[in-house]
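Structure first, then comments.
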Amino acid sequence: MAKKAKTSAPSQRMLRVAERVRHEIASLLQRGEIIDPLLEVSTITVPEVRMTPDLRIANVYVMPLGGENTADVVDALNTHAKFIRGRVAPLLNLKYAPEFRFFVDTTFDEYGRIDAILRSDRVRRDLEARDDEEE
């Protein structure tokens with residue numbers, strides 16, 4: 001009897017629910033419903049949400065505009081996670097209300113690092129050498 005291979009790729013349902021959660025949290029932040037001095041003066045983007053396979057935990061990745069006070073903003077959002085859950089969960093029409101966990105989105109830093117590597121002299125030299133070989 002063959003074992004079914006487990007895949008780490010998210011299912012369509014996980015992706016759909018994650019996008020809905022992302023949209024609802026972004027709307028909530030835009031409306032300014034959370035009463036917190038730091039969150040009231042911060043513009044926060046929600047680039048990504050990742051759901052667990054059972055849809056009970058939503059890992060929400062956020063980034064304040066300008067990248068300032070990231071740790072403080074994430075702490076404030078985690079402090080208000082139950083309030084956010086109470087506002088967002090009824091809009092999702094799920095059997096269970098997911099728990100929200102907020103994290104700093106580091107993908108922008110990764111993109112910058114990869115871009116810097118690709119623009120480096122070492123990579124440019126390697127690409128030029130490869131182009132010369134093909135001709």
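Each value in this text was obtained by applying a stated rule to the coordinates, not by laboratory testing. Please read all numbers here as calculations on a predicted model, not as lab measurements. Cβ coordinates were reconstructed from backbone atoms using ideal geometry, including for glycine residues, and neighbour counts include every protein chain displayed.
Report yes if E48 is more than 16 Å from the chain's Cα centre (by Cα) and of a type outside the set (V, I, T), otherwise no.
no
For segment 24-77, name all the residues that are small (G, A, S) and over 19 Å from T106 (Cα atoms).
S27, G32
Every residue, every condition in (1) surrounded by fewer than 18 Cβ atoms within 10 Å (Cβ to Cβ); (2) among the hydroxyl-bearing types (S, T, Y); (3) closer than 27 Å to L15 by Cα, yes or no:
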{"residue": "P47", "(1), (2), (3)": "yes, no, yes"}
{"residue": "D72", "(1), (2), (3)": "yes, no, no"}
{"residue": "T79", "(1), (2), (3)": "yes, yes, yes"}
{"residue": "R87", "(1), (2), (3)": "yes, no, yes"}
{"residue": "K95", "(1), (2), (3)": "yes, no, yes"}
